[in-house]
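Novice: Right, I'll just put the structure down here and ask away after.
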Amino acid sequence: MPGEEMRRLQLERLKRQVAYNYARSPYYREKMDAAGIAPADIRSFEDFTRVPLMTKDEHRAVQERSLAEHGTPFALLACAPPEKIVRVSATSGTTGIPTLYTVTAHDVGVVNEMHARKYWRAGIRPGHVMIQAVSLSMFTGGLPLSDGIQHLGACVVPVGIEGGTRRVLEFTGLTRPQALIATPSFGQYLIDECEKHTGKPARELGFRRFFCVGEPGGGNPAVRRKLADGFGAKVFDHTGGGHAFHGISCDEPPEEYKGMHFVSEDHCVLELVDPRTRKPIELSEGAVGEMVFTFIDWEGGPFMRYALGDLLQVWTKPCPCGMPGMRFKIVGRTDDMLIVKGVNIYPEAIRKLLLEFAPQVTGQFRIRLSKPGPAVEPPLRLRIETTEKNTGDLEKQILARFRSELRVAPAIEWLAPETLPREAHKTKYIEIQED
Ligand SMILES: [Zn+2]
């Protein structure tokens, strides 16, 4: 659907959804009343930004209050009556009490359709067999994902990850799948271990598509290259579990990855806000901000201006693949954000800028703080690995790029290659050393 037509559809659905949320959820009503905004006041997307944001901590608190006051976790936030709620999912791996997502039969249909859209775009058709090697328990990428694959008409083998590598390989041998859904780190592990278990390299397993899920590694060119070469497969990054925010990358070479296509615009309004001021940031080419989403065709527990603490970068210019709509990439957590002289800085932005100078830099660096952020006493101190003996020119060029691109002037400490520890999963770029 062309952009303008999509915005019209979104606005129409948004108005209807906000009225529904207000009428059905005591909590949303309380929240909107307190902010002095009624559903009838919302005539534009801008009006809608007057509805206060909701965080995961707040979600958890409402859930607990609901349990204490009403004897059920759903009474305050869920909009559908109990007899319409057919599934509960929960967040995975986060700290504290899990936050629950309530889903009706209608919502199951939405999730199924979004999953089917993603895999269809990636070339999956009825007749294809897909191995689902992710955690199946509660996690939104578990059972809802199996359902979505079946909805498309393809065949899912929900082997899960609980049985370990051996079980995944056993069922791969038995069912001859064309596609594997797994975390990028499990994919890399499988490439390294396959020969030991099966006597043949991972390329011979027959996978022609690898779908990254659950980790940011699917957006990393080096990881994508290893998966593509190791399996002899096309690599797709995708996201979206048991709810209405879904995206999948298109079929591009690993090095040209720019993010995932947002495939559920008709079900979800996406906004960016400044993590500090909470003011809206325009969705323009390359913009970075905290992701805020709102479901607009949802019955169970519709999210309304929900801020998950993820930092998102968006691209709004047309993708060479020809698919319409914006693309996005999760570039970190808002907890990673730093503020130097009023300027927001993200480790991911520093990493990307330094990569421009490879191979003179190895890509390994740390941000050294004397106390936890976000506020940083200038200058911003960076420790950067370099292969150069004489760093004078390099430093000048890097400082110029930092000034023009990120609007800060860091103090650089140069390190020899291999000085910084390599971390297998997610590198922590910030180190705190009290003076
Ligand atoms: Zn594309």
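Novice: Expressed as a rounded percentage, what relative contact order does the chain have, with Cα pairs under 8 Å and six or more residues apart?
Specialist: Values: 831 pairs, mean separation 50.6, N = 435.
Once divided by the residue count of the chain, the mean separation gives 12 percent.
Novice: For the stretch 155-217 and the stretch 265-318, what is the separation of their Cα centres, given in Å?
Specialist: First find each Cα centre; the distance between them is then 33 Å.
Novice: As I understand it, the dipole of the stretch 338-432 uses +1 on the Cβ of Lys and Arg and -1 on the Cβ of Asp and Glu, about the Cα centre. Which of PHE365, ILE398, ALA409 lies farthest toward its positive end?
Specialist: ALA409
Novice: A further question follows. What does the charge dipole of the chain about its Cα centre add up to, to the nearest 20 debye, if the Cβ of each Lys and Arg holds +1 and the Cβ of each Asp and Glu holds -1?
Specialist: So the dipole magnitude of the chain works out to roughly 400 debye.
Novice: When DSSP beta bridges are limited to those with both residues in the stretch 338-432, what percentage is antiparallel, rounded to the nearest 5?
Specialist: Values: 8 of 18 bridges.
Antiparallel bridges make up about 45 percent of those DSSP assigns within the stretch 338-432.
Novice: Can you tell me the alpha carbon radius of gyration of the stretch 338-432 divided by the globular rule-of-thumb value 2.2 N^0.38 Å?
Specialist: 1.02
Novice: Can you tell which of ALA411, ALA90, ALA182 shows the greatest fluctuation in a Gaussian network model of the chain with Cα springs below 10 Å?
Specialist: ALA411
Novice: If you don't mind, another one. Amide H neighbours of LEU283 under 5 Å, at least 5 residues apart or on other chains, H built in the peptide plane: list them.
Specialist: none
Novice: Let me spell out the model: positive unit charges on the Cβ of Lys and Arg, negative unit charges on the Cβ of Asp and Glu, origin at the Cα centre of the stretch 338-432. What dipole size does that give, in debye rounded to 20?
Specialist: 280
Novice: Continuing with the same structure: Of all DSSP beta bridges located in the chain, what percent are antiparallel, nearest 5?
Specialist: 60
Novice: Follow-up. Among LEU353, VAL376, THR419, whose Cα projects farthest towards the positive end of the dipole of the stretch 338-432, with charges put on the beta-carbon of Lys, Arg (+1) and Asp, Glu (-1)?
Specialist: Positive-end residue among those listed: VAL376.
Novice: Still on this structure: Among HIS197, PRO221, GLY123, whose Cα projects farthest towards the positive end of the dipole of the stretch 114-255, with charges put on the beta-carbon of Lys, Arg (+1) and Asp, Glu (-1)?
Specialist: GLY123
Novice: May I pose another question? Rounded to whole Hz and in sequence order, give me ³J(HN,Hα) for the stretch 262-273 from the Karplus expression 6.51 cos²θ - 1.76 cosθ + 1.60, θ = phi - 60°, writing x for Gly and Pro.
Specialist: Values, residue by residue: 7, 9, 10, 4, 7, 10, 8, 9, 9, 10, 10, 10 Hz.
Novice: Can you compute 3J(HN,Hα) from phi for each residue in the stretch 5-11, using the Karplus curve 6.51 cos²θ - 1.76 cosθ + 1.60 with θ = phi - 60°, rounded to whole Hz and x for Gly and Pro?
Specialist: 5, 4, 4, 5, 4, 4, 5
Novice: Okay, next question. Please check the chain for the longest run free of GluC sites (Glu not before Pro) that are loop-located per DSSP (anything but H, G, I, E, B) and have at most 13 other Cβ atoms within 10 Å.
Specialist: 1-161
Novice: If you don't mind, there's one more thing I want to ask. Show me, for the stretch 410-415, the HN-Hα J-couplings you get by feeding each phi into the Karplus relation (A = 6.51, B = -1.76, C = 1.60, θ = phi - 60°), rounded to Hz, glycine and proline as x.
Specialist: Going residue by residue, I get x, 9, 9, 10, 8, 10 Hz, with x marking Gly and Pro.
Novice: Still on this model: Can you give me the pair-distance distribution of the chain, C-alpha pairs, 10 Å bins, whole percents?
Specialist: 4, 19, 28, 26, 17, 5, 0, 0
Novice: If amide hydrogens are placed 1.01 Å from N in the peptide plane, which non-local residues have theirs closer than 5 Å to the one on LYS234?
Specialist: For LYS234, whose amide H was placed from the backbone, the distant partners under 5 Å are ARG209, PHE210.
Novice: Looking at the stretch 1-95 from every direction and averaging, what is the projected area of its Cα convex hull in nm²?
Specialist: Working: hull surface 32.4 nm².
That works out to 8.1 nm².
Novice: Could you list the chymotrypsin sites (Phe, Trp or Tyr not before Pro) in the stretch 192-275 that lie in coil according to DSSP, counting only those with at most 12 other Cβ atoms within 10 Å of their Cβ?
Specialist: Passing both the DSSP loop test and the Cβ count: no residue.
Novice: With r defined as the distance between the Cβ atoms of GLU46 and ARG203 and R0 fixed at 45 Å, what FRET efficiency is calculated, to the nearest 0.05?
Specialist: Calculated transfer efficiency: 0.30.
Taken together, the values in this text are just the output of simple stated rules run on the coordinates, not laboratory data. Only a predicted model underlies this, so the values are computations on that prediction, with no experimental measurement involved. Ideal geometry is used to build each Cβ from the backbone, glycine not excepted, and the neighbour counts take in all protein chains shown.
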